[in-house]
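A quick write-up on the structure given underneath.
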Amino acid sequence: MCSSDLGWFWWYLRGLNARFDATVVSGMWLKSRLERFGMENLHSIPFGVDRTVFNRSGRSSELRQSLLRQCGLDSNAMLLVTVGRLHPEKRLDLLIRAVTRARQHRPIGLFVIGDGVKRADAGRWAARAGHVCIAGHVSDQSNLAAIIASADALLHGSSSETFGFAVAEALCCGTPIIVPDAGGAAAFAEHAHAETYRAGSWSDAAEAIER
């Protein structure tokens, strides 16, 4: 649905915004977007990441090998991790399709962390694609940080979230990111540590993985 179909929504938000002295948002990209729709007195205060947990210290070649084994691959393969709810907006189907295309050029495993309403679909997509492990929810943050730090890159599909915690956590762990060119994740995509792709395009995502 395009923005023009949501005129009533923006009208409501402008009215709500006008009743307050300030509106706090989680990033400059969201501030700019809301300003384009007539909202005022916006202040960007990004969320933070606990760097005592999410840092490079958890990186482990043994853990990396274990994660790749769970994807049915050896240590010579590339290891991608994605973290998030198994929900349509996270576009896991797009990510799996992109990895499948990129795998034509080199072995790649995708380790998927998260749970949600698309769990059954995710299992079917993974079985069909091969070399994709649906690991479920990881509740221990230290374990999550070690997994992210041990991956070769974090692959991300959502272009609709306001911040992108998993993306920020990956960067704190020293892990490069592959993200869409829209939404909160795109705000983290500096050239030195990121590749971007056209939001919603699995073929663009495959090319970003290859790069």
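Rule-based calculations on the coordinates, nothing more; no lab input. Bear in mind that the values here come from a model prediction, so they are computed numbers and not experimental data. Counting neighbours? That spans all protein chains shown, and the Cβs are built from the backbone with ideal geometry, glycine included.
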For this session: Sort the chain into rounded, prolate or oblate with this rule: let a ≥ b ≥ c be the square roots of the eigenvalues of the Cα gyration tensor; rounded if a/c is under 1.5, and if a/c is not under 1.5, prolate when a/b is larger than b/c, oblate otherwise.
Result: prolate
Exercise. So how do 192-199, 92-99 stack up, highest first, on mean other-Cβ count within 10 Å?
Worked result: 92-99, 192-199
Exercise. ³J(HN,Hα) across the stretch 137-145 via Karplus (A = 6.51, B = -1.76, C = 1.60, θ = phi - 60°), whole Hz, x for Gly/Pro?
Worked result: 6, 10, 7, 7, 5, 5, 5, 4, 4
For this session: With an 8 Å cut-off on Cα pairs and a minimum separation of 6 or more residues, tell me the relative contact order of the chain in percent.
Result: 21 percent
For this session: Rank-order 73-79, 46-52 by packing density, defined as the average count of other C-beta atoms within 10 Å over each peptide's residues, highest first.
Result: 73-79, 46-52
Exercise. Residue by residue, what Karplus-based ³J(HN,Hα) values in Hz, rounded to whole numbers, does the stretch 195-211 have, using 6.51, -1.76 and 1.60 with θ = phi - 60° and x for Gly and Pro?
Worked result: 10, 10, 9, 5, 3, x, 9, 5, 5, 5, 5, 4, 5, 5, 4, 5, 5
For this session: Compare the peptides 131-139, 37-45 by average per-residue count of other Cβ atoms within 10 angstrom and give them in order, highest first.
Result: 131-139, 37-45
Problem set entry | Tensor-based shape of the stretch 157-201 (alpha-carbon gyration tensor, a/c under 1.5 rounded, otherwise prolate or oblate) | oblate
For this session: Per DSSP H run of n ≥ 4, the term is -39500 (n - 2.57); total these for the chain, divide by its residue number, and report the mean residue ellipticity at 222 nm rounded to 500 deg cm²/dmol.
Result: -11000 deg cm²/dmol
Seminar exercise, completed: If one builds a Gaussian network model of the chain from Cα atoms under 10 Å apart, the most fluctuating residue listed among 89, 161, 35 is 35
Seminar exercise, completed: Computed for the chain: size of charge dipole around the Cα centre, +1 on C-beta of each Lys and Arg, -1 on C-beta of each Asp and Glu, debye to nearest 20, value 380 debye
Exercise. Which shape class applies to the stretch 87-211: rounded if a/c is under 1.5, otherwise prolate when a/b exceeds b/c and oblate if not, where a ≥ b ≥ c are the square roots of the Cα gyration tensor eigenvalues?
Worked result: rounded
Problem set entry | Between the stretch 136-211 and the stretch 62-76, the Cα center-to-center distance that results, in Å | 20 Å
Exercise. Relative contact order of the stretch 128-211: what whole-number percent is it, with Cα pairs under 8 angstrom and at least 6 residues apart?
Worked result: 23 percent
